[in-house]
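Right, one structure below, let's go through it.
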C-alpha cells in the first residue's frame, strides 16, 4: 500500500463530512498522532489512522480511511482512553515540524535498524508520528524473532535519531 504523506491524509480528513461534523461537537480536540502498521519489509499494511485528543473528556478519537474508497471517506472509531504514562501530557502534533519525507524516513529507519540492532530480524511493527516532550518524532517499533520490541525515535524535523531501545519480552534467565 502506498502511504500518503501526513499532510495529504490530514487534508483528506479535513474535507470529510463526518470529521467536520465531529469537529463542531469537539471544538477543543486537537490532532495528537498518526499511526500506521508496518510489515517486516517496512511497507505500510494500512494507511494512517489519525488520533484526535479531546482535553475536555480526556479521550482519544481515531479516524480511519475507508479501504478501497475512491472518495477519501473516513470512519470513526468510538472514543477511547489514552494510552500514556501516568504523569505524561498528550501534546498536539504540529505538522509544520515534519520536514522529513516518508521517502527519506524509511531508508533512514532501515539504516538505523542495521546499525543499532544488527543481529535482530524484525517482524511486523508500527509507526507513530507524535509529539513527545515538545519534539515531533517518528516513533517506530517492531517485534523481533528473538521476542523483543525494538524502538527508534527519529526527529521528524531533522532526521536525527533521538533514542533507541530494545525491550526483552521473555525472561531468558528462566527466573
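Taken across the stretch 109-131, residues that are part of a loop (DSSP other than H, G, I, E, B), touching a helix residue (DSSP H, G or I) at 6+ places or on another chain (Cβ under 7 Å) and surrounded by 17 or more Cβ atoms within 10 Å (Cβ to Cβ) do not occur at all. If we scan the stretch 80-87, do we find a residue that is surrounded by 15 or more Cβ atoms within 10 Å (Cβ to Cβ) and modelled with pLDDT of 90 or more? Checking the stretch 80-87: not a single residue is surrounded by 15 or more Cβ atoms within 10 Å (Cβ to Cβ) and modelled with pLDDT of 90 or more.
Residue 72 meets all of the listed conditions (1) free of Cβ contacts under 8 Å to residues at least 60 places away in the same chain; (2) more than 21 Å from residue 42 (Cα to Cα); (3) assigned to a loop (DSSP other than H, G, I, E, B) but one, namely (1). Whether a residue is in contact (Cβ under 8 Å) with a residue 40 or more places away in the chain, out of contact with any helix residue (DSSP H, G or I) (no Cβ under 7 Å at 6 or more places or on another chain) and surrounded by 17 or more Cβ atoms within 10 Å (Cβ to Cβ) was assessed, and residue 148 does not pass this test. From the residues in the stretch 95-108 that are assigned to a helix (DSSP H, G or I) and touching a residue at least 60 places away in the same chain (Cβ under 8 Å), which one is surrounded by the most Cβ atoms within 10 Å (Cβ to Cβ)? So the residue we want is 106. Considered as a group, the residues in the stretch 156-175 that are without any contact (Cβ under 8 Å) to a residue 24 or more places away in the chain and part of a strand (DSSP E or B) include one that is farthest from residue 104 (Cα to Cα), and that residue is 168.
The values are calculated or read from the model by the stated rules, or taken from the named source; none is laboratory data. Remember, it's a predicted structure, so these values are computed and weren't measured experimentally. We place every Cβ from the backbone using ideal geometry, glycine too, and count neighbours over all the protein chains shown.
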